[in-house]
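Following: one structure in structure tokens, then a few remarks.
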Amino acid sequence: MRFKTAQIRLVSSHPEVYEPCDDSFALVDALLADRSKLIEHKPKLCMEVGCGSGYVITSLALLLGQESNGVQYFATDTNPYALKVTSETLEAHGVHAELISTDIASGLEKRLAGLVDVMVVNPPYVPTPEYEVGREGIASAWAGGEDGRSVIDRILPIADNLLSDKGWLYLVTLAANRPLQICLQMRQKGYASRIVLQRSTDEESLHIIKFWRESDTQ
Ligand SMILES: C[S@@+](CC[C@H](N)C(=O)[O-])C[C@H]1O[C@@H](n2cnc3c(N)ncnc32)[C@H](O)[C@@H]1O
């Protein structure tokens with residue numbers, strides 16, 4: 001059974017796990033838009049931070065398809081139910097990833113430093129009071145603290161450590177997260193960026209930003 005992206009009917013669910021939503025679809029559409037580049041990129045190790053239902057990491061593995069034989073996939077989440085659901089979603093599509101219950105990539109710093117060729121992140125980005133960030137269960141899926149940036153700002157330096165020299169980061173942001181400022185911040189760390197996809201829904205304006213090291217001529 002081979003699809004280009006994960007099939008919603010095969011995506012597992014749990015009341016405490018974030019269901020694929022507009023932001024998840026926008027991220028997968030951005031990956032699809034970049035599919036030929038991703039295939040040419042020949043990633044060896046791909047990673048998702050905050051995998052939720054597994055819709056995105058499964059889609060990434062499927063869209064890389066046959067070309068991705070031998071590619072290793074990793075996915076993390078703080079919500080243990082998310083890892084169970086992701087494992088079911090991956091299995092239903094016949095693909096595999098190593099799943100780790102952790103805060104962002106805690107414990108993986110040494111193992112994966114400089115090795116991640118593609119990182120995908122749909123973080124908790126909704127502006128909320130700071131005390132809502134990192135709560136147990138489904139609330140951790142969206143609570144992003146001030147400007148929705150609390151988790152994003154912790155992810156960026158970790159991504160910088162984990163990404164390989166040719167590594168690409170795809171990050172979902174909301175207009176309220178000040179995406180331009182995120183790009184400038186990453187520029188200071190030596191990253192170029194491009195908005196791969198911009199989508200406005202009734203509720204939010206989403207930007208999927210791709211980052212890569214300026215030293216790597218894409
Ligand atoms: C907006 S949801 C996205 C889920 C899925 N990637 C998707 O696109 O449908 C954010 C996910 O990040 C997880 N998360 C929140 N804080 C995290 C952290 N500090 N480390 C790892 N995962 C986290 C949540 O549990 C949730 O599953």
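Readers should treat all values here as calculations from the given coordinates under stated rules, not as data from a laboratory. As the structure is a computational prediction, the values presented were derived from the model and not from experiment. Cβ: placed from backbone, ideal geometry, glycine included. Neighbour counts: every protein chain shown.
Here is the list for segment 87-193: trypsin sites (Lys or Arg not before Pro) lying in DSSP coil, each with at most 16 other C-beta atoms within 10 angstrom of its C-beta, are ARG135, LYS189. Given +1 at the Cβ of Lys and Arg, -1 at the Cβ of Asp and Glu and no other charges, the dipole of segment 19-172 around its Cα centre is 500 debye to the nearest 20.
Name the shape class, rounded, prolate or oblate, that the alpha-carbon gyration tensor gives for segment 72-160, where a ≥ b ≥ c are the square roots of its eigenvalues, rounded holds for a/c under 1.5, and otherwise prolate holds if a/b is larger than b/c and oblate otherwise. Oblate, since a/c reaches 1.5 and b/c is not below a/b.
When the GluC sites (Glu not before Pro) in segment 121-213 are filtered for DSSP coil states and for at most 13 other beta-carbon atoms within 10 Å of their beta-carbon, the remaining sites are GLU136, GLU203.
Expressed to the nearest 5 percent, the antiparallel share of DSSP beta bridges inside the chain is 45 percent. Between PHE74 and CYS46, MET47, GLU48, GLU98, the built amide H atoms are under 5 Å apart, and every one of these is 5 or more places off in sequence or on another chain.
Using the Kirkwood formula on the Cα atoms of the chain, what hydrodynamic radius do you get, in angstrom to one decimal?
17.0
With N counted as the residues of segment 124-218, its alpha-carbon radius of gyration over 2.2 N^0.38 Å works out to 1.11.
Computed extension length for LEU180-GLU204: 7.0 nm, one decimal, from 0.36 nm per residue of separation with the Cα-Cα distance subtracted.
The mean sequence separation of alpha-carbon pairs under 8 Å and at least six residues apart, normalised by the residue count of segment 161-218, gives a relative contact order of 44 percent. When a/c reaches 1.5 or more, the comparison of a/b and b/c decides; with that in mind, is segment 86-131 rounded, prolate or oblate per its Cα gyration tensor? Verdict is oblate for segment 86-131. Ordered by the number of other Cβ atoms lying within 10 Å of each residue's own Cβ, fewest first, SER36, SER53, SER87, SER140 fall into the sequence SER36, SER87, SER140, SER53. For segment 1-45, list residues with backbone N below 15 Å from a point placed 7 Å from the Cα of ARG135 toward its Cβ? Correct set: 16-18.
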